[in-house]
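For reference, the structure is listed below as structure tokens.
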Amino acid sequence: MYPKHKIAKALSFSLALAVTAGSSMMAQAKTFKVAVGDGAGGTQHELGKKFTAEFKQRTGGKHRAKLFLNGQLGSEQDTVNDAAIGTLDFSILAINNVTPFSPSVGVLTLPYMIQSLDDAVKLTQGDVGKELVANTLRDANVRIIGWAYSGFRVLTNSKRPITTLADLQGVVVRVPKNEIMIDTYKAWGINPTPMAWSETFTALQQRVVDGQDNPYITNYAMKFDEVQKYVTNIRYLFSIEPLIVSESVFQDQKPAVQKAILEAGEAATQHSAAWLADQEGNIKKELANRGMEISDPANGEKEWIEKATTTVWPKYYESIGGKAKLNKVLRSLGREGV
Ligand code: MLT
């Protein structure tokens, strides 16, 4: 027979082993939280679905990522702060809501800078994109690991059809809290209302504001056709929506998990570009079927383009890294410098 104190010692040793094994298993298997600003059916959701599937597969099912749609984890700008301090793992949000934290990213939100999906892909996946990823890491402690492409932000409103800047006067338009976008509307002659994305649907519904701009797919995902009637096909901003990871969360992971995060982000990015090309036309038709009236800006958008580029661009040369940097970006798109 074993003496009692030896049995007690053996028991407490096995208990300690069980606790250690249990806690290390818990430390190993993790479900990461991914904040998503938009609702289901949009490009953010699509990027998120692809990312979570790829991430799960690349970790052999050990780790997962769970999407929280419709700003459930906070406004898009708040999620950048939360990821920066490590209380949130991932967020998918519009680039215009990253710019306030890392001004050089503003080069992607200069009006009429990006003129096609091709431009957007070239900029984000080429040297310019790599530099912006590094700048965002330096400035905001978040790492961009993927990009969703959402198309041009069209103007919607509940008041009247708008094709000229004269039509726009007197319309109250919500914009994100983004200086470049605010200045663009000012250049067009109105004072827009800066407001968090998470408050926008209610503000449109209650007629606190008359209109807003976002891509067709986002307008669809947010059900804006229920509260907006008129659409103007302006093309001043091509919406790009990065997937960011908290740098402190990223650095806490083992190299294999970091690799899975980066590869899943890359796969989701490739998927997003193809998905936009495939879906945008159908969604535009669906919004028209639901009763939205769609117009093109008069005279090929000439007055909109002139006012925005001549007034807004010079104001932001410095914050985006200087005129030489801007010219480098323009030339990388096959355009002339300023
Ligand atoms: C905004 O308007 O604040 C954003 O573009 C919304 C979004 O994330 O889709």
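Against the list (1) among the hydrophobic types (A, V, I, L, M, F, W, C); (2) more than 20 Å from TYR149 (Cβ to Cβ); (3) within 12 Å of the ligand (Cβ to nearest atom), the condition ILE190 fails is (3).
Residues in segment 112-153 that are surrounded by 22 or more Cβ atoms within 10 Å (Cβ to Cβ) and among the β-branched types (Val, Ile, Thr) were compared, and the one that is farthest from GLY334 (Cα to Cα) is VAL142. For segment 10-19, the criterion of being at pLDDT below 50, closer than 17 Å to ASP89 by Cα and in a helix (DSSP H, G or I) is met by no residue. Kindly provide the set of residues from segment 204-225 that are more than 16 Å from MET181 (Cβ to Cβ) and within 14 Å of the ligand (Cβ to nearest atom), ordered by number. Residues satisfying the conditions are LEU204, TYR216, ILE217, ASN219, TYR220, ALA221, MET222, LYS223, PHE224.
Listed conditions (1) at pLDDT below 95; (2) more than 16 Å from the ligand (Cβ to nearest atom); (3) not hydroxyl-bearing (Ser, Thr, Tyr) are all met by GLU286, apart from (1).
Residue count for segment 233-277, restricted to those that are within 16 Å of the ligand (Cβ to nearest atom) and within 30 Å of TRP188 (Cα to Cα): 10. Listed by position, the strands (runs of 3 or more DSSP E) contained in segment 223-328 that have at least 1 residues being at positive phi form an empty set. So, of the residues in segment 155-177 that are under 12 Å from GLY189 (Cβ atoms) and either surrounded by fewer than 16 Cβ atoms within 10 Å (Cβ to Cβ) or under 22 Å from the mean Cα position of the chain (by Cα) (or both), which turns out to be nearest to the ligand (Cβ to nearest atom)? Among them, the one singled out is VAL173. Restricting GLY129, GLY106, GLY86 to residues that are in a helix (DSSP H, G or I) and in contact with a strand residue (DSSP E or B) (Cβ under 8 Å, 6 or more places away or on another chain) narrows the list to GLY129.
Could you please give the count of residues in segment 77-90 that are under 17 Å from ASP252 (Cβ atoms) and either touching an Asp or Glu at 6+ places or on another chain (Cβ under 7 Å) or within 14 Å of the ligand (Cβ to nearest atom) (or both)?
Of segment 77-90, the ones under 17 Å from ASP252 (Cβ atoms) are 82-90.
Retained after the next criterion (residues that are either touching an Asp or Glu at 6+ places or on another chain (Cβ under 7 Å) or within 14 Å of the ligand (Cβ to nearest atom) (or both)): 88.
Residues in segment 77-90 being under 17 Å from ASP252 (Cβ atoms) and either touching an Asp or Glu at 6+ places or on another chain (Cβ under 7 Å) or within 14 Å of the ligand (Cβ to nearest atom) (or both): 1 in total.
Of all residues being among the small types (Gly, Ala, Ser) and within 11 Å of the ligand (Cβ to nearest atom) in segment 193-203, which is farthest from GLY42 (Cα to Cα)? Just the residue, please. For segment 193-203, the residue satisfying everything is ALA196.
Which of the following residues is away from the ligand (no atom under 16 Å from the Cβ), small (Gly, Ala, Ser) and outside any helix (DSSP H, G or I): GLY151, GLY61, GLY74? Walk me through how you get there before you give the answer.
Numbers: GLY151 fails: away from the ligand (no atom under 16 Å from the Cβ); GLY74 fails: away from the ligand (no atom under 16 Å from the Cβ).
It is GLY61.
Every residue, every condition in (1) of a type in the set (Lys, Arg); (2) free of Cβ contacts under 8 Å to residues at least 60 places away in the same chain; (3) away from the ligand (no atom under 15 Å from the Cβ), yes or no:
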residue	(1), (2), (3)
GLY48	no, no, no
GLU54	no, no, yes
LEU69	no, yes, no
GLY106	no, no, no
THR109	no, no, no
GLN115	no, no, yes
ALA120	no, no, no
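Filtered by the rule that a residue be farther than 30 Å from ARG331 by Cβ, surrounded by fewer than 18 Cβ atoms within 10 Å (Cβ to Cβ) and not β-branched (Val, Ile, Thr), segment 79-111 gives ASN81, GLY86.
In segment 224-245, the residues that are more than 19 Å from GLY42 (Cβ to Cβ) and at pLDDT 95 or above form no Cβ pair under 7 Å with any partner that is within 14 Å of the ligand (Cβ to nearest atom) and in a loop (DSSP other than H, G, I, E, B), whether six or more places apart or across chains. If you check ILE180 against the conditions, is it more than 12 Å from the ligand (Cβ to nearest atom), in a helix (DSSP H, G or I) and either more than 17 Å from the chain's Cα centre (by Cα) or hydroxyl-bearing (Ser, Thr, Tyr) (or both)? Spelling it out, it is not the case that ILE180 is more than 12 Å from the ligand (Cβ to nearest atom), in a helix (DSSP H, G or I) and either more than 17 Å from the chain's Cα centre (by Cα) or hydroxyl-bearing (Ser, Thr, Tyr) (or both).
The values are calculated or read from the model by the stated rules, or taken from the named source; none is laboratory data. The structure presented is a predicted model; accordingly, all values stated were derived computationally and were not measured. So basically every Cβ, Gly included, is an ideal-geometry build from the backbone, and we count neighbours across all protein chains shown.
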